[in-house]
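For reference, the structure is listed below as structure tokens.
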Protein chains: 2
Amino acid sequence: VRVACLPDVHAQRLVGDVPGVETIVWNGSEQRPPRLECTEFLVGSYTTGPLDAGSFALMPQLTVLQLISAGVDSWLPALPAGITVCNGRGVHGQSTAEIAVTLLLSQVRSIPRFVRQQAAGMWVPGARDGIAEKNVLMVGAGDIGTRVSATLQTMGATVTLMGRTARDGVVGLDELPALLPTQDAVVLAVPLTEQTRGMVDSGFLAAMKDRAVLVNVGRGPTVVTEALYPDLRSGRLTVALDVVDPEPLPSEHPLWRTPNVLLTPHVGGGTEGWDRRGYQLVREQLERWATGQPLENVVISA
Amino acid sequence: VRVACLPDVHAQRLVGDVPGVETIVWNGSEQRPPRLECTEFLVGSYTTGPLDAGSFALMPQLTVLQLISAGVDSWLPALPAGITVCNGRGVHGQSTAEIAVTLLLSQVRSIPRFVRQQAAGMWVPGARDGIAEKNVLMVGAGDIGTRVSATLQTMGATVTLMGRTARDGVVGLDELPALLPTQDAVVLAVPLTEQTRGMVDSGFLAAMKDRAVLVNVGRGPTVVTEALYPDLRSGRLTVALDVVDPEPLPSEHPLWRTPNVLLTPHVGGGTEGWDRRGYQLVREQLERWATGQPLENVVISA
């Protein structure tokens with residue numbers, strides 16, 4: 001019997017019994033469960049964040065880290081070498097695609113302005129923009145990007161799906177310079193990697209069309225926060241960010257009160273049912289692992 | 001040559017020449033064009049509202065009133081008998097469906113709360129709701145309702161489309177009492193008629209599920225404004241209204257500052273391109289009229 005470590009008893013209950021696997025529960029706390037040192041398969045907590053190097057040192061047999069988020073970046077700094085990392089592709093995809101669409105539509109249809117005018121009792125019609133017949137560049141062609149694209153196309157937008165490399169129905173990142181000037185909206189749902197960190201800088205923003213909308217639901221550091229100020233203050237661009245750099249955004253940070261920005265506090269994932277979907281995925285992965293089948297959602301191969 | 005009256009020269013330019021039809025321009029002003037009294041086909045202004053009975057009296061030959069809005073109710077009180085009324089079905093459908101989806105998603109994903117917290121520099125994560133896997137009742141199975149339904153289904157919601165009478169894929173209004181208690185959201189896009197005026201009253205609201213969201217993008221008087229207060233103040237229901245009764249909402253009206261309501265000032269239609277789409281429809285109608293073919297979009301038959 002091989003040992004898999006889950007973050008809490010709720011997870012253990014949702015995963016249930018998996019033949020050939022003993023599940024233990026630990027989340028980095030002082031109180032260590034028996035057989036922790038035998039852990040070969042670790043499921044990271046979605047809610048309490050990454051373990052530190054000292055915690056990983058207590059699991060010398062570890063070969064697989066399974067996460068329940070699409071992004072894995074925050075777990076990597078403390079991770080020992082030689083461990084396969086699987087992500088939670090699909091668990092939060094629908095929810096994150098939904099916040100992307102919500103943020104884009106909110107900015108296009110001026111919802112933040114109407115919320116402020118409502119507080120002042122002001123009836124001021126006149127908003128001419130819509131998403132129909134607009135060009136939207138969806139950067140990130142994974143689960144989230146594919147869902148956003150499908151929804152916006154239903155609403156009459158023309159969506160270009162962009163991935164790391166070109167494939168059927170997906171243009172490659174190398175087409176960014178050619179495409180940016182023609183897009184009414186750019187939605188970012190890419191993982192944080194060396195390639196994407198700081199990708200949206202002054203040059204990227206300068207290439208965007210006047211009055212375009214930028215939405216980020218991936219990882220904050222994909223966008224250079226300071227680079228946003230000139231275009232937001234002049235009103236040339238509008239942005240909506242569910243993820244920012246830094247996070248959480250300190251209350252004195254100037255971005256909070258910059259015009260033409262809509263901020264939500266990283267609430268893309270985690271909507272009702274994420275735990276059910278997440279631990280169903282974990283169960284399937286443990287079954288594969290216990291029976292020697294290849295794992296799915298591998299993002300880093302040991 | 002028969003005379004058709006358009007509301008302005010921009011409309012006249014977009015409609016262009018139609019064989020067998022002379023177009024004149026008038027919008028109820030003191031300055032009356034030659035041949036006004038010969039007008040048989042009148043196109044109502046989308047932006048300046050209905051003509052009064054005195055204006056209609058100047059067009060004794062009138063047989064057709066073509067509007068560029070989906071709703072025709074505001075033109076009816078002053079309209080002489082015996083005139084066929086056609087609406088602008090399709091012109092604003094995409095735009096109005098878009099505001100319905102925007103309002104619903106904004107409330108479900110707490111955008112108004114985040115806008116207020118942004119102003120205070122407050123990063124407060126934790127919003128568990130989403131539209132995926134929810135039940136949505138779309139009341140109104142016309143152009144707008146069909147579009148809203150398609151979009152929400154793409155986002156993973158289960159949508160029931162409700163029309164005046166049951167037909168394939170559409171349940172009838174008589175199923176309202178049975179359906180209301182099971183719906184997480186109810187979206188209204190129905191014309192204002194004797195049947196729909198005051199339809200959403202205390203009884204309707206009481207039948208709605210706890211924590212449900214009500215959205216109205218049709219006509220304000222479909223909802224009894226005063227009936228909303230108890231459930232909004234208790235937080236049992238949440239609403240988002242692009243149309244209200246009265247309109248414009250006076251700045252001292254209590255609805256502005258009632259909790260759990262998101263208000264937009266009747267901005268569902270009129271997004272970019274409405275005039276191009278609207279006067280293309282008018283052109284096609286004039287061509288049908290001039291060649292003796294039946295008109296489309298007839299909502300009141302003479």
Normalised by the residues of region B:38-189, what does the relative contact order come to in percent, with Cα pairs under 8 Å and at least six apart? 17
By the Cα gyration tensor axes a ≥ b ≥ c (a/c under 1.5 gives rounded; else a/b larger than b/c gives prolate, otherwise oblate), the shape of region B:130-284 is oblate
For region A:9-133, inverting the pair-averaged 1/r of distinct alpha-carbon atoms gives a Kirkwood value in Å of 18.2
Applying the Karplus parametrisation 6.51 cos²θ - 1.76 cosθ + 1.60 with θ = phi - 60° to the phi angles of region B:174-191, what ³J(HN,Hα) value in whole Hz is obtained for each residue in order, glycine and proline being reported as x? 5, 8, 3, x, 6, 8, 3, x, 9, 9, 7, 8, 10, 10, 9, 9, 10, x
Cβ-derived FRET efficiency at R0 56 Å, A:Ala57 paired with A:Thr258, nearest 0.05: 0.85
Antiparallel DSSP bridges in chain A: what percent, to the nearest 5? 10
Inter-centroid distance (Cα atoms) of region B:56-94 relative to region A:210-228, Å: 46
Inter-chain shielding of B:227-234 (mean C-beta neighbours from other protein chains, 10 Å cut-off): 0
From the alpha carbon gyration tensor of chain A, can you work out the equivalent ellipsoid semi-axes (sqrt of 5 times each eigenvalue) and give them in Å, largest to smallest? 39, 20, 18
Shortest-first distances to equivalent copies, position B:Gly126, nm, label 7 Å out along Cβ: 4.1
Assuming R0 = 41 Å, can you tell me the calculated FRET efficiency for the pair B:Glu40 and A:Thr182, based on Cβ-Cβ distance, to the nearest 0.05? 0.35
Inter-chain shielding of B:150-163 (mean C-beta neighbours from other protein chains, 10 Å cut-off): 3
Estimate the FRET efficiency between B:Glu22 and B:Arg276 by the formula 1/(1 + (r/R0)^6), using the beta-carbon distance for r and 30 Å for R0, to the nearest 0.05. 0.85
Stokes-Einstein D for region A:235-302 (20 °C, 1.002 mPa s, Kirkwood Rh from Cα pairs), in µm²/s, comes to 136
Radius of gyration and Dmax for region A:86-210's Cα atoms, expressed in Å? 15.9, 51
Karplus-derived 3J(HN,Hα) from phi for region A:75-92 (6.51 cos²θ - 1.76 cosθ + 1.60, θ = phi - 60°), whole Hz, x at Gly and Pro, runs 8, 6, x, 8, 6, x, 5, x, 10, 6, 10, 10, 9, x, 3, x, 5, 10
Return the sequence-ordered ³J(HN,Hα) values of region A:158-173 in whole Hz as given by the Karplus equation 6.51 cos²θ - 1.76 cosθ + 1.60 applied to θ = phi - 60°, using x for Gly and Pro. 9, 10, 9, 8, 10, x, 4, 10, 5, 7, 4, x, 10, 8, x, 4
Cα long-axis angle, helix B:274-290 against chain B (0 to 90 degrees, to the nearest 10): 40
Label position 7 Å from Cα toward Cβ: report the copy-to-copy distances for B:Pro181 in nm, one decimal, ordered from shortest. 6.2
Restricted to the protein assembly as shown, the DSSP antiparallel beta bridge percent, nearest 5, is 10
Normalising by the residue count of chain A, find the relative contact order in percent from Cα pairs under 8 Å and 6+ residues apart. 18
Helix A:225-234 against the longest principal axis of chain A: what's the angle in degrees, Cα atoms only, rounded to the nearest 10? 20
What percentages make up the Cα-Cα pair-distance distribution of the protein assembly as shown when the bins are 10 Å wide from 0? 3, 15, 22, 22, 18, 10, 5, 3, 1, 0
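Rounded, prolate or oblate: which fits region B:158-237 when a ≥ b ≥ c are the square roots of the eigenvalues of the alpha-carbon gyration tensor, with rounded for a/c under 1.5 and prolate only if a/b beats b/c?
oblate
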Once both axes come from the Cα atoms, what is the angle between helix B:93-108 and the longest principal axis of chain B, in degrees from 0 to 90, rounded to 10? 20
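Which of the GluC sites (Glu not before Pro) found in region B:1-106 are loop residues per DSSP with 12 or fewer other Cβ atoms within 10 Å of their Cβ?
Those that pass, being in a loop and sparsely packed, are B:Glu30.
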Aspartates and glutamates whose Cα lies under 15 Å from that of B:Lys134, excluding same-chain neighbours fewer than 8 positions away: A:Glu98, A:Glu272, B:Asp184, B:Asp210
Using a 7 Å Cα-to-Cβ projection, A:Arg32 label spacings across copies, nm, ascending: 9.7
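Between A:Lys209 and A:Asp8, what is 0.36 nm times their sequence separation minus the Cα-Cα distance? Round to one decimal in nm.
67.6 nm
Read the figures in this text as sums done on the coordinates, not as results from a lab. All figures in this text were calculated on a predicted structure; none of them were measured in a lab. All Cβ positions, glycine included, derive from the backbone under ideal geometry; neighbour counts span all protein chains shown.
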